[in-house]
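Down below is the structure, laid out as structure tokens.
The values are calculated or read from the model by the stated rules, or taken from the named source; none is laboratory data. Computed from a predicted model, the values in this text were never measured in an experiment. Heads up, the Cβs are rebuilt from the backbone with ideal geometry, glycines too, and the neighbour counts pull from every protein chain shown. Ligands, DNA and RNA are stripped out before the accessible areas are found, and what is left, the full protein with its side chains, is counted by its heavy atoms. Shrake-Rupley method; radii C 1.70, N 1.55, O 1.52, S 1.80 Å.
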4 protein chains.
Amino acid sequence: MREIRQPGVYPYVFSRYVEPIATVRPGETVAIYTVDAFEDQITSESETPSDILGPYLNPQTGPIFIEGAEPGDTLLARIEHIEPTRNWAVSAFIPYFGGLTATKFTRLLHEPLPERVWIYQIEDGWLRHSDRLRFPWRPFLGTIGTAPEIEAISALAPSDHGGNMDVPDVKPGNTVLLPVRVPGALFFTGDVHAGQGQGELCGVALEISAKVTITFDLIKRRPIAWPRIESPDELMTVGSARPMEDAARIAYTELIAWLEELGWDRWDAYQALTQIGSLYVGNMVDTNYSLVAKIAKAYATPSG
Amino acid sequence: MREIRQPGVYPYVFSRYVEPIATVRPGETVAIYTVDAFEDQITSESETPSDILGPYLNPQTGPIFIEGAEPGDTLLARIEHIEPTRNWAVSAFIPYFGGLTATKFTRLLHEPLPERVWIYQIEDGWLRHSDRLRFPWRPFLGTIGTAPEIEAISALAPSDHGGNMDVPDVKPGNTVLLPVRVPGALFFTGDVHAGQGQGELCGVALEISAKVTITFDLIKRRPIAWPRIESPDELMTVGSARPMEDAARIAYTELIAWLEELGWDRWDAYQALTQIGSLYVGNMVDTNYSLVAKIAKAYATPSG
Amino acid sequence: MREIRQPGVYPYVFSRYVEPIATVRPGETVAIYTVDAFEDQITSESETPSDILGPYLNPQTGPIFIEGAEPGDTLLARIEHIEPTRNWAVSAFIPYFGGLTATKFTRLLHEPLPERVWIYQIEDGWLRHSDRLRFPWRPFLGTIGTAPEIEAISALAPSDHGGNMDVPDVKPGNTVLLPVRVPGALFFTGDVHAGQGQGELCGVALEISAKVTITFDLIKRRPIAWPRIESPDELMTVGSARPMEDAARIAYTELIAWLEELGWDRWDAYQALTQIGSLYVGNMVDTNYSLVAKIAKAYATPSG
Amino acid sequence: MREIRQPGVYPYVFSRYVEPIATVRPGETVAIYTVDAFEDQITSESETPSDILGPYLNPQTGPIFIEGAEPGDTLLARIEHIEPTRNWAVSAFIPYFGGLTATKFTRLLHEPLPERVWIYQIEDGWLRHSDRLRFPWRPFLGTIGTAPEIEAISALAPSDHGGNMDVPDVKPGNTVLLPVRVPGALFFTGDVHAGQGQGELCGVALEISAKVTITFDLIKRRPIAWPRIESPDELMTVGSARPMEDAARIAYTELIAWLEELGWDRWDAYQALTQIGSLYVGNMVDTNYSLVAKIAKAYATPSG
């Protein structure tokens, strides 16, 4: 299996103007190496993130050019496997960043909350900081997406191209569907998390560097407006916006659109999701909030 | 077991100024009869809700006076059992109400979406409208709460007294913790749902009339600020506000407060919920949105 | 001119269940005495508001029963004059209350901002705290409204009944139009401000006790959905909601409705307000935010 | 005076990766030619915008390289004069775009509002569509800003670099202060409006092509976080975010910061803006909402 490593500087934006680092054929499986959201710069609990970090955050590996991908297609990225490339993960409290603090946008007059670094050891399928702070290995890709048509979007922001969604369902066994908006799609990924709760409350999950195995494929001439996820049992859509209710509206409207593509009447779909849909918060900390709407395949494609 | 039925007019507000219909002792289990959110007025798919319904919606059964309850206590309501008192449930599309429509508050210039009634038969543990629209029996209390200190809050609104939260975890086997803000607590409940997805997308779940068995208890002199839910395996807090991110902030801050009461350091709790918390949307349709934050007891009270 | 003073306890809610303190005929002018939002309890800069204040805040004078007012009518309250009944005003920083702080609803983990009282002397048409903090006398009614049909709404909250809008255009020379939802309308007012900026940033304006002269009138059988204000030169509508964009949507939609009542085509009105409307923030601190949309009468009722 | 015209394709992003079209010295006054937000493509009321317009919208003139500008400086752009280069302006209703409609982000299930084009003639200082739709000439720059450090931001979006703020105070006689984040600042402007109400309600103002006269200057080594505006009488700050209350928080916090730079104590400034600040909505339709906070210089720099 081919291995893809970033040859030079990591990109910090999703953009068509970044030079591809590799070309992949539909159907091909590759291993992609990623660094953590801090570019592996925070390594000990005695460090102060705000002294170390500048504006260049959340480095991605990419872009990867997908052969034959053209605007209007849908790119499939099946996550096969995630393997850590080191035996520890890092979390941190960063000043004016997170879900329960004043931020750059929810700008208030408070002093920042305490700054702090948390290092977890990876042992036997667990991430361990202490007896109390000990969580299972549940890896996923925090950031994944394609290049937008016009903008260069910060790797910190999720939007309709994917990006920094921080959605735990982007995990091994599931397939992410992404819009193709430029020739070759230009796929980027990074920000692997060894685990994360819904909401990513303090803004920093269990950040690791990793080797990620992905199989790419294409659906020709089927545009999608926002990212989707398919698991063995569920159909999911991701909406990213502010305020959070707009992310919820996008996610559920897109899921109705998906059901319509599967032959549903729109109003039946609206009714069905009222009774059997799921809706959870991926992140409540990034430039946009990401919400995930779901329906079990058992209800989406009943035999009737 | 004592049965409690509304003797006269159902209350449409949570208020200390409504006369109690019964008095219950801590430790007592009672059966409470409820009508559906439309006061059982919509009975067929040929009806037009906006012709039938006025401003008096979501009738509650109550208030029930809890002996010995005083402001500053916490009321426990353990949901033992929910039994339908008819063999069908109703859902509906109501003009300018729901999650994917302009509403009274998200006021826009669009014409309303189509109006419609959906009747489901209850059969063998399923709610069945058609082969496609067929969902399992997963009953819970859509509305539950106590009287606020000063206001009379519409039974359509959730807030820090509980109320119309539409949270599926208010279900048999779980205990709801509610603030006591007036003498006797003044407990109200109603709006039973035979099932509902997260978000209650169109605004109307599988509405039924029901017999609800609840055991009440009191924790003296322990005030709580917002409702909580305890299941056999999880601790949950419910925040209700707009925009939705404020509901998320309330829910997770309250869950940190709960962990602090259990002996946690605040910053450890903030870190733990980042990595292992859950956050889902109860409703995205009511006067306030309700979000539920959770932590598994296995992580909240580790042996370490 | 008849004078109306609160005979007993001030009401802290807008509710049909509060006993009227006076009856007024349409066309009558009365003088109403009000206390400040702290019920005149904070009198010196050495005091600590959080030690003094309980949950009973923003006392209103009322309700006043308007003879002949029935649900579906519109009540007109023309503000004739506002006179202070003491020679000083008070402002304050209250913990977890205000526009640039974490609050009960935007709940975060920060410590509160500093608490502080500011006393201003009224001298020669100015409010003076110091050379730097010296502002002109621009009095208005912070809180004004009628009883809702069902709820008892806290005097701290603005909504479609009016209430705590904190809109500086509720001032002498202007007429406030309020919905009548219960027999007699049940008018409440209070919370006089000697002056306030747009947004009421820290949450507490220049609070005074006052004598307010108001002429009441009725428009029979003309319901309005939200409060309106008419000045000699402008038509204004007030929307109160969260998030703030919902308040903006309500205010402008109501102003389009008003123009339609005056004979405009809906789409012409939408176009005209795009080019010539005004939209300012009354408050960004209360339970709901209040925004005011305006159009000059010169554009609303052109000779053409 | 030197005239600057776009030599080739107009840029649709604010980005450091767009080649400068001219270099200007601090102190220099230049005339800049701009096209309208539709790139002058909509010219008659019989046209259908959605047939004509693609994703490349709101073309800017630029970037203009400012000699000696370095990151950490502040760029001053004094608007001297705006002259239309044609005798008509255009407004339009665009499907799913505007303040009182479902949009890409506030995604709902409604059909779009009616689509429509409005052409206004410029005559004697007025914009005239009909006797009813007739508004004065009040020109300003809808879009103005500098290149961000990392991203390429759509010309449709306002943020901390300026951009599509749609703030009527960006007008002749006023000076816009912009952050310098890249060498040469890279100034872009366009989207001239012959007039606009606060909020830009339907999303499209009175759009014209124009000749804009601007004098540039630099303040060395004084970084600002968000755009500011200085008029002869007022200090203003612009916050752009969603939800709208976040834009309000940013604008007022930045105005407090400005007052602190002028020697104010932070808490005095918070108090002063409570009593004498202004806060209006520039746009309620763009990717972010823009709010403007103001204080009169008479209060900001009292003699005391």
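What about D:Asp217, is it over 20 Å from C:Glu245 (Cα atoms), away from every other protein chain (no Cβ under 12 Å), in contact with a Pro (Cβ under 6 Å, 6 or more places away or on another chain) and surrounded by fewer than 24 Cβ atoms within 10 Å (Cβ to Cβ)? Against the criterion (over 20 Å from C:Glu245 (Cα atoms), away from every other protein chain (no Cβ under 12 Å), in contact with a Pro (Cβ under 6 Å, 6 or more places away or on another chain) and surrounded by fewer than 24 Cβ atoms within 10 Å (Cβ to Cβ)), D:Asp217 qualifies. Cβ separations smaller than 6 Å between residues 6+ apart or across chains give the following pairs from the stretch B:176-187 residues that are modelled with pLDDT of 95 or more to residues that are of a type in the set (Lys, Arg) and open to solvent by less than 10 Å² (accessible area, probe 1.4 Å): B:Leu177/B:Arg228.
Give me a count of the residues in the stretch B:173-185 that are part of a strand (DSSP E or B) and of a type in the set (A, V, I, L, M, F, W, C). Total satisfying the criteria: 3. Looking only at the stretch D:12-36, residues that are over 20 Å from D:Gly68 (Cα atoms) and either of a type in the set (Ser, Thr, Tyr) or open to solvent by 50 Å² or more (accessible area, probe 1.4 Å) (or both) come to 3 in all.
Among the candidates B:Ala69, B:Ala92, B:Ala102, the residue that is open to solvent by less than 40 Å² (accessible area, probe 1.4 Å), among the hydrophobic types (A, V, I, L, M, F, W, C), assigned to a loop (DSSP other than H, G, I, E, B) and within 29 Å of D:Leu109 (Cβ to Cβ) is uniquely B:Ala102. The stretch D:106-166 holds strands (runs of 3 or more DSSP E) entirely within its bounds, and those carrying 3 or more residues that are modelled with pLDDT of 95 or more and within 11 Å of another protein chain (Cβ to nearest Cβ) map to D:116-123, D:134-136. Among the residues of the stretch B:1-25, just one is of a type in the set (Val, Ile, Thr) and touching a Gly at 6+ places or on another chain (Cβ under 7 Å), namely B:Ile21.
Let me confirm something: among B:Arg242, B:Arg222, which residue is surrounded by fewer than 24 Cβ atoms within 10 Å (Cβ to Cβ), within 20 Å of C:Leu108 (Cβ to Cβ), basic (Lys, Arg) and more than 7 Å from chain A (Cβ to nearest Cβ)?
Checking each option against the conditions leaves just B:Arg242.
Can you tell me which residue within the stretch C:167-182, out of those that are open to solvent by 10 Å² or more (accessible area, probe 1.4 Å) and more than 20 Å from C:Arg16 (Cβ to Cβ), is farthest from the other protein chains (Cβ to nearest Cβ)? Only one residue fits best here, namely C:Thr175. For the stretch A:117-135, a residue qualifies if it is open to solvent by 30 Å² or more (accessible area, probe 1.4 Å) and either touching a residue at least 40 places away in the same chain (Cβ under 8 Å) or hydrophobic (A, V, I, L, M, F, W, C) (or both), and the qualifying residues are A:Ile122, A:Trp126.
I want to confirm something. Restricting to the stretch C:260-293 and keeping residues that are in contact (Cβ under 8 Å) with a residue 12 or more places away in the chain and open to solvent by 30 Å² or more (accessible area, probe 1.4 Å), which single residue is nearest to the other protein chains (Cβ to nearest Cβ)? Checked the stretch C:260-293; the qualifying residue nearest to the other protein chains (Cβ to nearest Cβ) is C:Ser278.
Among all positions in the stretch D:139-160, there is no residue which is among the hydroxyl-bearing types (Ser, Thr, Tyr), out of contact with any Asp or Glu (no Cβ under 7 Å at 6 or more places or on another chain) and closer than 24 Å to D:Asp51 by Cβ. Scanning the stretch B:48-57 for any residue that is of a type in the set (S, T, N, Q), assigned to a loop (DSSP other than H, G, I, E, B) and crowded, with 16+ Cβ neighbours inside 10 Å turns up nothing.
Taking the condition of being away from every other protein chain (no Cβ under 11 Å), surrounded by fewer than 24 Cβ atoms within 10 Å (Cβ to Cβ) and either touching a Leu at 6+ places or on another chain (Cβ under 7 Å) or at negative phi (or both), how many residues in the stretch A:183-206 meet it?
Qualifying residue count for the region: 1.
D:Ile82 meets all of the listed conditions (1) surrounded by fewer than 19 Cβ atoms within 10 Å (Cβ to Cβ); (2) in a strand (DSSP E or B) but one, namely (1).
Here the condition is being surrounded by fewer than 24 Cβ atoms within 10 Å (Cβ to Cβ) and within 9 Å of another protein chain (Cβ to nearest Cβ); of C:Glu234, C:Glu254, C:Glu230, it holds for C:Glu254 alone.
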